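In what follows, a structure is listed as structure tokens, so that the remarks can point back to it.
The values are calculated or read from the model by the stated rules, or taken from the named source; none is laboratory data. Just so it is clear, the model here is predicted, and its values are computed rather than measured. With ideal geometry, Cβ positions are generated from the backbone for all residues, glycine too; neighbour counts draw on all protein chains shown. Keep in mind that these areas ignore ligands, DNA and RNA; they rest on the heavy atoms of the full protein, side chains included. Shrake-Rupley method; radii C 1.70, N 1.55, O 1.52, S 1.80 Å.
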Amino acid sequence: MAQTQNTDLQSFDISCQLWHHYETLASIVTHIKIQILHTMKKFILSATFLAFAGFSAVQASEVNTIKNTAIVAVQDSAVKTPVKLEELPEPVTAALKSDAYKGWEATEAWSVKEGTKEYFLINVKKEAETGSVKIDKDGKPVQ
């Protein structure tokens, strides 16, 4: 009978040790799950932040079209008023079609009054190049 009690005690001791190892392993697994959840939460928050930052950047870069006639800019005592390209005087359009500006295409035009000087400031482009030209109402370049 003593031997049976001793075997029962050993079995009970082994069971307790196994239960302790099971609890330790369960604790480690729980800890790993918590770490994974924290990492996922950080990742989701970072992804959300980046998505909102990207969305804000796109919103900020949108360009609203405004009618040219409604804008008048005053800069360094010069008054610039937008002019539609089709409303430029004939001498100015003839100058833009001349050999001096061959290959260049007008994109925007402004009527500029700078003190006693009056001229047209015309933005032009040629493939990837851009520039601007100052031409008076008679079609002559302005310096």
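What FRET efficiency, computed as 1/(1 + (r/R0)^6) with R0 = 25 Å and r the Cβ-Cβ distance, is obtained for residue 128 and residue 84, rounded to the nearest 0.05? Calculated value: 0.50. Legend: residues 116, 7, sorted from most to least accessible area (1.4 Å probe; ligands, DNA and RNA excluded), read 116, 7. Counting Lys and Arg as +1 and Asp and Glu as -1, what is the net charge of the other residues whose Cβ lies under 15 Å from the Cβ of residue 35? Charge balance in the 15 Å sphere: +3. Over all other residues within a Cβ to Cβ distance under 14 Å of residue 139, the charged ones net out to -1, with Lys and Arg as +1 and Asp and Glu as -1. Of the listed residues 20, 38, the order by accessible area with a 1.4 Å probe, largest first, is 20, 38.
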